[in-house]
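A quick write-up on the structure given underneath.
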Amino acid sequence: MIPTVKLLINGEFAESRTRHWQDVYNPATQEILARVPMCGPDEVAQAVSAAKAAFPMWRATPIAERARVFLRLQALIREQIDLLANTLTREQGKTLLDAKGDVFRGLEVVEHACSVGSLQLGEFAENVAGGVDTYTIRQPLGVCAGITPFNFPAMIPLWMFPMACVTGNTFVLKPSEQDPLTPMILAELAQQAGLPRGVLNVVHGGVEAVNALCDHPDIKAISFVGSVTAGTHVYRRASEHGKRVQAMLGAKNHAVFLPDANKEQALNALVGAAFGAAGQRCMAASVAVLVGKARDWIPEIVSRAQALKVDAGHKAGADLGPLINRQALERVEKLVGQGIEQGAKLELDGRYPKVPGYEQGNFIGPTIFSGVTASMHIYQQEIFGPVLCIVEVDTLDEAIAFVNANPYGNGTALFTQSGAAARRFQHDIDVGQVGINVPIPVPVPFFSFTGSRGSKLGDLGPYGKEVVRFYTQTKTVTSRWFDDQVTAGPVNTTITLH
Ligand code: NAD
């Protein structure tokens with residue numbers, strides 16, 4: 001009997017009543033792990049109504065009590081990290097070590113959520129006019145929702161609901177329908193940690209559930225992470241309904257190499273960042289820009305990539321697991337074919353690898369093209385597979401212009417030993433996350449994830465200080481207190497406060 005994925009509504013893990021279900025697969029074997037319900041507007045409305053009912057109680061709960069729930073949650077996540085990572089590898093495919101990293105990066109956000117007492121502080125200015133003080137209060141918005149992608153089924157749900165809930169909101173999460181089992185363990189742990197009924201609710205599904213969230217009048221804010229197509233749709237649709245929306249979108253990330261870089265360190269970093277998680281990271285380094293004499297490094301990039309092991313994620317020594325599904329594999333294989341047709345040089349062909357015991361898995365090994373130009377499909381599309389495009393330029397200025405001409409601006413990195421070059425790069429590059437000799441510069445939770453140009457819609461990013469602003473409404477209070485002895489002067493019809 002194949003298990004079904006439950007909904008979480010008002011503290012109860014309940015069976016969906018929908019007639020539409022989808023299978024959740026192990027991408028290394030095609031084994032069906034579970035069936036996930038594709039919820040419609042009625043079940044979304046139930047979840048929203050539970051969240052709405054819980055809001056007055058949760059909003060009134062003292063900050064320290066809210067923070068304590070997340071202190072317990074972080075401890076439970078640590079205790080259950082093996083269960084979480086194993087489940088994540090089974091349904092998503094990434095290696096066990098990388099799955100632990102996925103959980104750990106989310107756990108860091110939970111830890112940060114525990115310092116909400118200082119994060120949610122308002123400001124106070126004394127005596128802004130005679131005897132008048134002004135202060136701000138950051139109040140929760142109400143019901144917020146989160147829509148997450150398949151590639152980080154632990155980290156990205158944890159970017160969202162801990163910060164939303166610790167600031168006093170209630171939440172409806174709609175995880176990716178492709179790997180909902182890991183987020184459901186997180187939801188169970190949140191219940192065990194003492195999150196009251198209705199504060200966190202989970203629905204499942206695809207476009208229909210997402211549209212219902214965008215349209216629901218009681219949802220105040222939506223955090224979205226996923227592809228440009230879906231995210232642009234969510235941003236427009238939810239904004240039309242007057243909601244706050246942050247949408248973190250797709251990417252094409254360039255790693256730029258100057259010839260003075262520490263070559264060993266730089267090339268290892270590139271190969272890890274290009275092919276780790278089989279390239280299914282929004283921060284994957286999918287384009288290497290080799291400047292000047294760094295062109296000569298192509299054979300060494302190829303030999304490092306060739307040494308990586310393609311295998312099922314739970315196997316010891318695996319460097320890359322399978323892609324999430326069959327369509328994703330076919331799409332990547334097609335793009336590799338187009339790269340060849342359009343004249344890029346295939347330096348390493350990772351298509352159709354032999355993975356003994358996992359012949360049905362969605363595997364493709366590290367694939368490298370050199371001679372890539374801006375007009376090729378392999379450069380224009382986010383491939384989201386283990387395919388590295390190599391571009392060659394003569395100067396740092398040319399490299400910066402090339403990166404800035406790409407429509408995406410999620411992540412980038414420069415490898416160099418020159419402080420002056422690094423400073424110019426960080427100043428002139430139009431990309432949200434910049435690494436200097438750091439290949440995947442995902443900011444820790446004291447900062448916020450961001451993005452530039454086509455990689456982000458909305459002004460505030462997930463987690464960190466920015467998300468506290470996203471999930472709260474600032475109220476300013478201007479107050480004056482009168483001693484009993486003070487006599488009222490004449491009526492003042494001007495707007496000044498004296
Ligand atoms: P996706 O857009 O297919 O799915 C994301 C979510 O949107 C899922 O919950 C899905 O059910 C829903 N969805 C899918 N199609 C929809 C549609 N037409 N209308 C409304 N909702 C829809 O993305 P994915 O394939 O799960 O994730 C990979 C993408 O996410 C990549 O483009 C990657 O770069 C991006 N990503 C971005 C970041 C970031 O922070 N910028 C982080 C992780 C992933």
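Sites counted here are chymotrypsin sites (Phe, Trp or Tyr not before Pro) in a DSSP loop (not H, G, I, E or B) having no more than 10 other Cβ atoms within 10 Å; the longest part of the chain that contains none of them is 1-480.
Between helix 326-341 and the chain there is an angle of about 50 degrees, using the helix long axis and the longest principal axis of the Cα atoms. With the dipole of the chain worked out from charges on the C-beta (+1 for Lys and Arg, -1 for Asp and Glu) around the Cα centre, which of 9, 165, 307 lies farthest toward the positive end? Checking the options against the dipole of the chain, the answer is 9. Please sort by residue number the GluC sites (Glu not before Pro) in the range 308-344 whose DSSP state is loop and whose Cβ has at most 11 other Cβ atoms within 10 Å. Listed in order of number, the matching sites amount to none.
Positive-end ranking of 36, 88, 381 along the dipole of the chain, with charges on Cβ about the Cα centre, is headed by 36. Shape class of the range 161-217 from the Cα gyration tensor (axes a ≥ b ≥ c, square roots of the eigenvalues): oblate, since a/c reaches 1.5 or more and a/b does not exceed b/c. Placing unit charges on the Cβ atoms of the charged side chains and taking the dipole of the chain about its Cα centre, the candidate lying farthest along the positive direction among 339, 77, 495 is 495.
Sparsely packed loop sites in the range 155-260 (the GluC sites (Glu not before Pro) outside DSSP H, G, I, E and B with at most 13 other Cβ atoms within 10 Å) do not occur.
Based on DSSP loop calls and a cut-off of at most 15 other Cβ atoms within 10 Å, the longest stretch of the chain free of exposed trypsin sites (Lys or Arg not before Pro) is what?
20-308
By a 1.4 Å probe calculation restricted to protein chains, residue 493 has an accessible surface near 130 Å², given to the nearest 10. For the range 396-440 and the range 371-387, write down the distance between their C-alpha centroids in whole Å. That distance is 19 Å. Rolling a 1.4 Å probe across the protein heavy atoms gives the range 6-66 an accessible surface of 48 Å² per residue. The listed residues 144, 282 rank as 282, 144 when sorted by accessible area, largest first, using a 1.4 Å probe. Working from Cα pairs under 8 Å separated by at least six residues, relative contact order for the range 326-448 is 18 percent. Take the alpha carbon atoms of the range 1-27, find their center, do the same for the range 243-286, and report the distance between the two centers in whole angstrom. After rounding, the separation between the Cα centres reads 34 Å.
Just the Kirkwood number for the chain, please: inverse of mean 1/r across all distinct Cα pairs, in Å, one decimal.
Numbers: mean 1/r = 0.0416 Å⁻¹.
One decimal place: 24.0 Å for the Kirkwood radius.
Subtracting the Cα-Cα distance of residue 124 and residue 401 from their residue separation scaled by 0.36 nm leaves 95.3 nm.
The alpha carbon centroids of the range 453-481 and the range 106-151 are separated by 8 Å.
Output the relative contact order of the chain, whole-number percent, from Cα pairs under 8 angstrom with separation of 6+ residues.
18
Each label point is 7 Å from the Cα along the Cα-to-Cβ direction; what then is the distance between the points at residue 326 and residue 487, in nm? Inter-label distance under the simple model: 9.1 nm.
The per residue volume of the convex hull around the alpha-carbon atoms of the range 253-336 is 103 Å³. Accessible area per residue for the range 107-174, computed on protein heavy atoms with a 1.4 Å probe, is 27 Å².
Ignoring ligands, DNA and RNA, please state the percent of accessible area on the chain from carbon and sulfur, probe 1.4 Å.
About 54 percent, which is the carbon plus sulfur part of the accessible surface.
In a reduced charge model with +1 at each Lys and Arg Cβ and -1 at each Asp and Glu Cβ, the chain shows a dipole moment near 460 debye about its Cα centre.
Protein heavy-atom accessible surface, 1.4 Å probe, per residue over the range 217-345: 38 Å². Apply 1/(1 + (r/R0)^6) to the Cβ-Cβ distance of residue 17 and residue 139, taking R0 = 41 Å, and write down the FRET efficiency to the nearest 0.05. The calculated FRET efficiency here is 0.70.
The values are calculated or read from the model by the stated rules, or taken from the named source; none is laboratory data. Note that this is a predicted model, so its numbers are computed, not measured. Note: ideal-geometry Cβ built from the backbone for every residue, glycine included; neighbour counts use all protein chains shown. These area figures cover heavy atoms from the full protein model, side chains too; ligands, DNA and RNA do not enter into them. Shrake-Rupley method; radii C 1.70, N 1.55, O 1.52, S 1.80 Å.
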